[in-house]
Amino acid sequence: MKNILFYTGKHSTKTNFVLFVMRVVAGSFIITHGWGKALKVIEGPPYDFADPIGLGVPLSLFLAAFAEFLCAVLIIMGLTTRLAAIPLIVTMAVAAFVSHAGEAFFAKELPLLYLAVFFTIAVLGAGKYSLDYLIRRKKR
C-alpha cells in the first residue's frame, strides 16, 4: 500500500518539472479559496455556506475547507499527493456539476479547470520533485 501511495511515476525531467509547477501553482491558487472556508470552520456557527449535496451546512463547509486548504498544502509539498487529490476532485466535481448546475458555462469553468488539473495530478503522481519521491526512495 505504501508503495502505491508514494509512487511518483517514471517521468522525464521535463515532465517532473511540469508536475512540480502544476502542483505548486494549482495548490497555491486553490488555497485562496480554502483559506476563507477554513476560517469559517475555526470561527464556528452560524455558517454562511451552501449545502449542495444534503450533508448539512457544517459538514459541507468542513469537507470543502479540508479539501481546498489541507489537501492543497499536501499537494504543494508533494506528500501523499494522489490521495490528497481525491477530495479536491470530488469538491470540484460537486462545485461544477451540483452547485453551479443551472448556471452558464463561465460559472463552471474554474471548477472544471481545477478538476482537470487535480485529476491529472492524481493520475500522474507528484513527480520527482516531491516528498513522495523522497519517502519512496528512502524505503528502497
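The values are calculated or read from the model by the stated rules, or taken from the named source; none is laboratory data. Being a predicted model, the structure only gives us computed values, none of them experimental. Positions of Cβ are backbone-derived with ideal geometry, glycine not excepted, and every protein chain shown enters the neighbour counts. Areas reflect the complete protein model, heavy atoms only, side chains present, ligands, DNA and RNA absent. Shrake-Rupley method; radii C 1.70, N 1.55, O 1.52, S 1.80 Å.
Just checking, how many residues over segment 119-138 are assigned to a helix (DSSP H, G or I), open to solvent by less than 50 Å² (accessible area, probe 1.4 Å) and more than 13 Å from Met92 (Cβ to Cβ)?
2
Quick check on segment 36-56. Is at least one of its residues under 20 Å from Val117 (Cα atoms) and out of contact with any Phe, Trp or Tyr (no Cβ under 6 Å at 6 or more places or on another chain)?
No, every residue in segment 36-56 fails to be under 20 Å from Val117 (Cα atoms) and out of contact with any Phe, Trp or Tyr (no Cβ under 6 Å at 6 or more places or on another chain).
State whether one or more residues within segment 15-24 are of a type in the set (D, E, K, R), closer than 22 Å to Tyr133 by Cβ, within 11 Å of the chain's Cα centre (by Cα) and modelled with pLDDT of 95 or more.
yes
Any residue that is touching a residue at least 60 places away in the same chain (Cβ under 8 Å) and either β-branched (Val, Ile, Thr) or in a loop (DSSP other than H, G, I, E, B) (or both) - is there at least one of those in segment 107-118?
Checked against the condition, which is being touching a residue at least 60 places away in the same chain (Cβ under 8 Å) and either β-branched (Val, Ile, Thr) or in a loop (DSSP other than H, G, I, E, B) (or both), segment 107-118 yields at least one hit.
State which residue is surrounded by the most Cβ atoms within 10 Å (Cβ to Cβ) when the search covers only segment 100-109 and only residues that are hydrophobic (A, V, I, L, M, F, W, C) and over 18 Å from Ile30 (Cα atoms).
First, pick out the residues of segment 100-109 that are hydrophobic (A, V, I, L, M, F, W, C): 101, 104-107.
This time we only want the ones that are over 18 Å from Ile30 (Cα atoms), so: 101, 104-105.
On the way: Ala101: 11, Ala104: 8, Phe105: 9.
Among those that are hydrophobic (A, V, I, L, M, F, W, C) and over 18 Å from Ile30 (Cα atoms), it is Ala101.
Out of the residues in segment 25-47 meeting the condition of being farther than 21 Å from Thr81 by Cα and β-branched (Val, Ile, Thr), tell me which one is nearest to the chain's Cα centre (by Cα).
Across segment 25-47, the extreme among qualifying residues is Val41.
Against the definition (open to solvent by 50 Å² or more (accessible area, probe 1.4 Å) and closer than 16 Å to Phe118 by Cβ), how does Thr13 come out, yes or no?
Values: open to solvent by 50 Å² or more (accessible area, probe 1.4 Å): yes; closer than 16 Å to Phe118 by Cβ: no.
No: the conditions fail for Thr13.
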